[in-house]
Every structure is written in C-alpha cells, then in structure tokens.
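Asks: Please see the structure below; I have some questions.
Each reported figure results from applying straightforward, stated rules to the coordinates on display, with no laboratory input. Given the structure is predicted, the values throughout are model-derived calculations rather than measurements. Cβ coordinates were reconstructed from backbone atoms using ideal geometry, including for glycine residues, and neighbour counts include every protein chain displayed.
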Amino acid sequence: MSTVMLLILFLLFNHKSTATMTDKKENKNESSITAVMVFLDRAIVTRTISKRFTKGEHILLFDNLPEAVDQNSIQANGEGNAVLKDVKFKREFYAATTDEEKRKLNAKVISLQDSLVDANDLISNANKEQKMVEELIEKIMTRISTVSNNEKVQPDADPDKWIKMVSYYRTKLDELNKQIRSTEREIRLLNDEINLVQTKINSLGGTQEKSKNIVEVLIDVREESEVSVNLSYMVHGPSWYPVYDLRVFTDTKKMNITYQAMIRQNTTEDWDNVKIKLSTARANLSGQQPSLSQWYLSLYDYTQDRESDDRVKRKAEMSQMYNAAPSKSAELGEDKKDALRAEDIAINEATIEPGATSAVFVVSGKNTINSDNQQHKVTIMMNEFDAVFRYSTVPKLIPYAYLKAKVINTTDYPLLSGSTNVFLDNNFVSTSQLDLVSTGQEFWTFLGVDDGIEVKYKTIKQYQKDEGVITKKNKYIYDYIIEITSNKKSEEEIVVWDQIPMSNSADIKVTLTEPDIEADKEHVKMDDYNYIEWFYKIKPKEKIKIPFKFTVESPKNKTISGL
C-alpha cells in the first residue's frame, strides 16, 4: 500500500473518531424550576431544560439538587423530536476552599470588635461624667445647707437657683443611667454576634470536601429542533397546612370562606415564579391496608432461664457474625437506588383531577416560595355560602348565648382541618378550629357571644331530706329555672343545654322531675349520657322560662361521690 493511501486512511479514521467523541455534547446546568407539587410533608419538584439542540446525543446536567432528594423518585420526560436514552444519579465530591469566606468573616469580627471598643469607651466616659455630676450635686447640697443656716444670704447664693441646678443634674444622671444600660445591652448583642461569627469561622476549618447531587440525562436528538426535558424528584421537608378566614354577614345570612395555605420549605433551592400545586394526599402513609398476623398464646417455660452461659455466648457470637456479613437483600437495595426510571421523551405528564382518596389544588398564577423556612401564604379558594344561624347556651357553666352558623360545603374542595379567623359583620370575634369537611358535608362555626340574648340560671331550692319507714334513704332535691330573654328584632333559634348526673351504682337513683320529656318531645330531648337539649324559636322581646328539676336518692349510710 502506498504512503499516500495510508495517510488518507489515517486522516479518515482520525476524523471519524473525533466526530464520534464530539457528537455526545455535555450541556451544563441550565435548568429552572417550573412546577412544584407540595404534599403535607414533602414536595415533588420539576426542573426543565428547554432549548434548541443540534442532531446527535446530548448529556443534560441537572446540578446541585437538594440534599434531601429521594433518589428512587427521580423521573425524566419531555417534548420534542428526541429519544430519552438514560438517566443517572450521582453524588459528586469536590474540594471547597473557604479562604475567601474566612477572610470576610474575620473582617466582620474585627468590625464587631471595633464597635465593642467604642461601646466600652462610651460606658467609661458616661461613668466619669456620672461621677462628676454626683460630686457637683454633693457640693451644691452642702452649699444650700450652709446658705440656709446663714442669716446673711449672698446675692449669688439663692437657694432656689441651687435647687434648680440640683434638679438639672439629677435629670442628667437619669439620662446617663439610661445611656449606660442601653450601651450594656448593645455590648451583649455584639458579644453574641462575635461568638456566632467565630463559630462559623471554626466550622469552616481549612479546605473541606463537599458533595453535590447531580442527575445526568442522555437524549438522542434526531434532527436539530427545540426540545424540552423535564426532571422531577421528591424532596423531603416542605409542607403546607390550611388556614381559613370565615366572614359572616347577619343581614344577608351569608358566610364568605377564604381558604388559604401556609407553605414552608427549606430545601436550599428557591421556587421562583413557579406553578404551585397542593395535594391533600398523605404521601407518608402506605396506600395498602396492613394485614393482621396470627395471635398466639403460650405458657412461659421457666426452664429457659437455666440456659447455660456457653449457649448464650454461642448465640451472641452467631449474631455478631450474621450482622457483620453483608446480605444479598442489602446489595440489591443499593443496586435499586441507581435503577432510575428512563421513559420515552414523547410521554406527556398526566393531568391531576380530584380523586376518591385525595385532591390536588392548582394555585392560580405563579408564586415564589423561597428556601427560608418562613411561612408563605397562597389562596386556594374564596366562596360565599348560605348560612343558617342559631344560638346556643349552657347556662349551668356560663350565662351567655353564643351565636353559631351552619354552612354546607357546596364546592368541590374538601376543607382540611385547620385554624380559623372568624369575622362577624367585618368585626373580628374569635379564632377557632375547623374539622375536616368533605364536599357536601355541613359544619357549624361559633361566632362568639351575643348580648342580644339574655340568659339567667336561677336556683329555686336545693336541699336534702330523709325518706322511708323501714329502709332509710337520703333524698337530694335540685330545683332550677332557666330564663331566656330575646332583645333581637327577629325570631331566632336557640338551643339550651344542661344535664343530670349518671348513676354508676344500683343503690343510687337519679330521677328527672322536670321537664317531662315524653309530654314535650317538640322542645326537649335527652340522650344516653343524660345530656338534655331544649330547642326553641324565640320571638322578639319574648321571655322563655324553663323549669329544670331532678332528684337523687341513696342509702342513708352511704356517701355519694361527685354530687
């Protein structure tokens, strides 16, 4: 073969090898967070790289992922004329020098120490000035005493002038005392800050080895075009919880509910101007019901306690050997961490709709949730509901009537358990707690005390008497009357609560004398726990009198506990 032919073949081979090596291009971290799904105790974050790619293979780097990322949750998909070939997670270690950071921190320490010297000088000067003022006051007081005892008062020795001077210097002393106390507080804060900065300097040490989480996504672009690649991963730590503003309007009998979410995250990456979704799913719980295992009873064999020391020793040695040897299941578990899901790039993300077990709230617009572990508020829903009002009172405990409102959740939004701020006719009245309210479910909310309904609880008589000819018994009589007066301009519903004691002994007999529940089922009822409920529709200026009487009987020689 001629020398020229060999040269041509060498050049062709070298060109082909170079082209093969350069076809797989590495794209540095150009991703941005585009969407976040927040659960009650974690979040799924989606990062996107969207750009025009040339034909061939490209490695996309998603760099500096959070430390708390769940490796098994990492998934990739996208849109464009390309094929997703591989997804790899790796932790990269690197040496991080801290000389520049230490220099800045040392400079800050020097600046703080200078401020500390200035503060100490200020206290020293104030102490000197304070001492001088005290000496002047002492001289003035001595002079006043001398002048007052001298019958011939000099023109420049007027006691009133001296007293004014004393008053002035005492005021000056007060100012100096306040200045000293304020500066001492400042010194304490400076010392705390110096200690904090010094701790940071000590923690830096010298050159440190750090690590970062990286995901490499390999795509094969079939022809030059725009391609978007999404990488989603779950990160532990972020959370959200609901809060509510309930605004009730008595004239229109409406309740306006503002459903809000408080989001908090400290993942080391800011969610800047992204689409936020909130899920009610409890991702920390298994989706499968646990199963019962068989429950056995056996007699304890005391001969087991006589097990020889040699046998115990052999068991301990075997246990140590077992724990020291790596198991196959552990090795498979490690391998599974790297078996990340690689999907075809043409698969689109599914749309999440309210489901049977959870719901997803799509927050309107885009929001910024910084990684500062601070609460960030977003609005989930605002809606107006028809409300039914009713008053409720427990006169035995407190002689006030509480207004409450009943609302039916007619929206598709489940109202999770959370705290509420309650406003009545645009006036803040109280804070409360809302229990879980499903779609279509009704709930009651207390709106505070209304003085327009007067409540009185009067004791008519309360006494004890002996009964029985052969078998002596103690009989206790309790006689009350409950008065409800309405000063409202409209008819109102009111529920009154009371109770009679429950007997835990056959020797104790409790009898409700009034009201007669069988004769007045329209207004009164009693449950199995002896709670009595009266229901009335009270007219304007109407007064309702409710007699309430019960007796307790017990043997003469027995003492009742709890009465």
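Asks: Going by how many other Cβ atoms sit within 10 Å of their own, how do Val109, Val455 line up, fewest first? Intermediate values should be presented prior to the final figure.
Replies: Values: Val109 17, Val455 20.
So the ranking, lowest neighbour count to highest, is Val109, Val455.
Asks: Something else: May I ask you to compute the full-extension gain from Ser203 to Ile477, defined as 0.36 nm times their residue separation minus their alpha-carbon distance, rounded to one decimal in nm?
Replies: 91.1 nm
Asks: Let me ask something else. What FRET efficiency, computed as 1/(1 + (r/R0)^6) with R0 = 25 Å and r the Cβ-Cβ distance, is obtained for Ser167 and Asp121, rounded to the nearest 0.05?
Replies: In this case the efficiency is close to 0.30.
Asks: What FRET efficiency comes out for the pair Lys108/Ser419, r = Cβ-Cβ distance, R0 = 56 Å, nearest 0.05?
Replies: E between Lys108 and Ser419, to the nearest 0.05, is 0.85.
Asks: Then there's this: Sort 427-439, 79-91, 237-249 for me by packing, meaning the mean count of neighbouring Cβ atoms within 10 Å per residue, highest on top.
Replies: Packing proxy ranking, top to bottom: 237-249, 79-91, 427-439.
Asks: Then there is this: Stretched out fully, how many nm does the piece from Arg188 to Val83 gain, at 0.36 nm a residue minus the Cα gap? Please list the in-between numbers first.
Replies: Working: separation 105, 0.36 × 105 = 37.80 nm, distance 6.25 nm.
Result for the pair: 31.5 nm of gain on full extension.
Asks: What is the fewest-to-most order of Trp271, Trp444 by other Cβ atoms lying within 10 Å of their Cβ? Walk me through the numbers on the way to the answer.
Replies: Details: Trp271 25, Trp444 13.
With the sparsest Cβ surroundings first, the list reads Trp444, Trp271.
Asks: Additional query: Within segment 460-559, which GluC sites (Glu not before Pro) sit in a loop by DSSP and count at most 16 neighbouring Cβ atoms inside 10 Å?
Replies: Glu491, Glu518, Glu522, Glu542
Asks: Right, something else. How much length would be gained if the chain were fully extended between Ser505 and Glu224, taking 0.36 nm per residue of separation minus their Cα-Cα distance, in nm to one decimal?
Replies: 92.2 nm
Asks: Next question. According to a simple spin-label model (label point 7 Å from Cα along Cα-to-Cβ), what is the distance in nm between Phe535 and Gln462?
Replies: So the label points at Gln462 and Phe535 sit 3.0 nm apart.
Asks: Something else about it: Using Cα centres only, tell me the gap between segment 38-72 and segment 437-499 in whole Å.
Replies: Each part's Cα centre sits 64 Å from the other's.
Asks: Roughly how many Å is it from the Cα centre of segment 521-563 to that of segment 354-423, as a whole number?
Replies: 35
Asks: Which ordering of Ile180, Ile380 is given by a fewest-first count of other beta-carbon atoms within 10 Å? Could the numbers behind the result be given before it?
Replies: Working: Ile180 15, Ile380 20.
Ranked by crowding around the Cβ, least crowded first: Ile180, Ile380.
Asks: Rounded to the nearest 0.05, what FRET efficiency do Thr410 and Lys178 give with R0 = 60 Å and r taken as the Cβ-Cβ distance? Could you check?
Replies: Computed FRET efficiency for Thr410 and Lys178 comes out at 0.45.
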